[in-house]
Amino acid sequence: MKTNKLAAMLLSLSVTLIAGVAFAQAAMVNGEVKKIDEAAGKVTLKHGPIKNLDMDEDGMTMVFRVQDPAMLKQVKVGDKVQFEAERATAGITITKLQKGK
Ligand SMILES: [Cu+2]
């Protein structure tokens, strides 16, 4: 049956896409804290490439929102960090933030 073949093809394609997205999100990005704005829940990071956001440039400095302002208490200006960021309706948001090595 043709319909079944097409359905199977679409299913395997979407599985591949989901796996790809999961892999991109799992990759932690290296960064360095430049500025912290706890009141606004924002942090300025100089960061390496962020594959899941199509940012291939190295050494780009920009402001990120943080998902939870408490994240900002774990880091200070000058710290090397690792993070994960996602594009959200309110802007690019950091979903994970930890001190790097
Ligand atoms: Cu950037």
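R0 = 22 Å: FRET efficiency of Asp79 with Thr16, Cβ-based, nearest 0.05?
Working: r = 37 Å, r/R0 = 1.67.
Calculated transfer efficiency: 0.05.
Using a 1.4 Å probe over the heavy atoms of the protein chains, calculate the carbon and sulfur portion of the accessible area of the chain as a whole percent. Don't skip to the end; give the middle numbers.
Details: 4020 of 6890 Å².
After summing per-atom areas, the C and S share lands at 58 percent.
Could you give the length gained by full extension between Thr95 and Asp54, i.e. 0.36 nm per residue of separation minus their alpha carbon distance, to one decimal place? Display every interim value, and only then the final one.
Working: separation 41, 0.36 × 41 = 14.76 nm, distance 1.68 nm.
Fully extending the segment from Thr95 to Asp54 adds 13.1 nm.
Quick check for you: with a 1.4 Å probe and neighbouring chains kept, what is the accessible area per residue of the chain, in Å²? Each step should come with its number before you reach the end.
Working: 6890 Å² over 101 residues.
Result: 68 Å² of accessible area for each residue.
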- Message: Limiting things to C-alpha atoms, what are the Rg and the maximum Cα-Cα separation (Dmax) for region 21-101, in angstroms?
- Response: 11.4, 32
- Task: Measure nothing fancy, just the Cα-based angle from helix 2-26's long axis to the longest principal axis of the chain, in degrees from 0 to 90, nearest 10.
- Result: 10 degrees
- Message: Contact order normalised by length for the chain, with contacts defined as Cα pairs under 8 Å and 6 or more residues apart; what percent is it?
- Response: 24 percent
- For region 50-101, the charge dipole (Cβ of Lys, Arg +1; Cβ of Asp, Glu -1; about the Cα centre) points to a positive end, and the Cα of Gln74, Asn52, Ile94 closest to that extreme belongs to Gln74
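The values are calculated or read from the model by the stated rules, or taken from the named source; none is laboratory data. Source: prediction; values computed, not measured. Because the Cβ atoms are built from the backbone with ideal geometry, glycine has one as well, and the counts that use them run over all protein chains shown. Note: accessible area is taken over every heavy atom of the protein model, side chains too, but ligands, DNA and RNA are not part of it. Shrake-Rupley method; radii C 1.70, N 1.55, O 1.52, S 1.80 Å.
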